[in-house]
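All remarks here apply to the structure that follows.
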Amino acid sequence: MEKKSVTILIADDDPDDRLMTKEALEESFLVNELKFVEDGVELLQYLRRQGKFSDIQNSPRPGIILLDLNMPKVDGREALKVIKSDPDLKSIPIVVLTTSKADEDIVKTYDLGVNCFISKPVSFSEFVEVTRALGNYWFDIVQLPK
């Protein structure tokens, strides 16, 4: 089955985690376009096409967002709350991909409307397996909005 090509927006402040996510997605043979933002402010600007993200060609609407919770300026929890309360953005699926394993974070993010909560695996090979499973689920099984 051919995978759907959608833009994946990765919101993570850690450059090493961004690189690891990119490499894990590539290892998983996901051919999707990847876009990166480094904090919650940039995430919201990207989604609203503000500032350096105003060009629609360089900032296409994401088909899915991979969201870290612990980011500067506006953290992932607050960004999630804003996105899921915005009628124009709330249909974008959001997967929390974070180092947190706290029950409080899991419950709160689901209450805010997250589609999926995943604690980042420690090893790269486990991370590749997680991204492969994410790809199978979100791009082969699930019907995403256009």
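The values are calculated or read from the model by the stated rules, or taken from the named source; none is laboratory data. Given the structure is predicted, the values throughout are model-derived calculations rather than measurements. Cβ coordinates were reconstructed from backbone atoms using ideal geometry, including for glycine residues, and neighbour counts include every protein chain displayed. Remember, those area values only see protein heavy atoms, side chains included, never the ligands or the DNA or RNA. Shrake-Rupley method; radii C 1.70, N 1.55, O 1.52, S 1.80 Å.
Taking amide H as placed 1.01 Å from N in the peptide plane, F36 has its amide H under 5 Å from the amide H of I10, each at least 5 places away in sequence or on another chain. Just G63, G113, G40 to compare: in a GNM of the chain, with alpha carbon springs under 10 Å, which one fluctuates most? Among G63, G113, G40, the largest mean-square fluctuation in the Gaussian network model of the chain belongs to G113.
Sparse packing (at most 14 other Cβ atoms within 10 Å of the Cβ) combined with a DSSP loop state is found for the following GluC sites (Glu not before Pro) in segment 28-133: E33. A simple spin-label model places the labels of S119 and D55 4.1 nm from each other, with each point 7 Å out along Cα-to-Cβ. Summed over all non-identical Cα pairs, the Kirkwood treatment of the chain gives a radius of 15.3 Å.
Working from label points 7 Å from Cα in the Cα-to-Cβ sense, the S5 to I141 distance is 2.5 nm. Relative contact order for segment 1-126: 24 percent, from Cα pairs under 8 Å spaced at least 6 residues apart, divided by residue count. Only one residue of F36, V128, I56 has its Cα farthest out toward the positive end of the dipole of segment 1-128, where Lys and Arg carry +1 and Asp and Glu -1 on Cβ, and that residue is I56.
What residue among A102, A79, A133 has the largest mean-square fluctuation in a Gaussian network model of the chain, using Cα springs under 10 Å? Of A102, A79, A133, the Gaussian network model singles out A102 as fluctuating most. Dipole magnitude for the chain: computed about the Cα centre from +1 point charges on Lys and Arg Cβ and -1 point charges on Asp and Glu Cβ, it is near 640 debye.
With a/c under 1.5 counting as rounded, go ahead and sort segment 12-79 into rounded, prolate or oblate using the C-alpha gyration tensor (a ≥ b ≥ c being the square roots of the eigenvalues; past the cut-off, prolate if a/b is larger than b/c, else oblate).
Here segment 12-79 falls in the oblate category.
On the protein heavy atoms, probe 1.4 angstrom, tell me the percent of accessible surface of the chain carried by carbon and sulfur. Carbon with sulfur: 51 percent of the solvent-accessible area.
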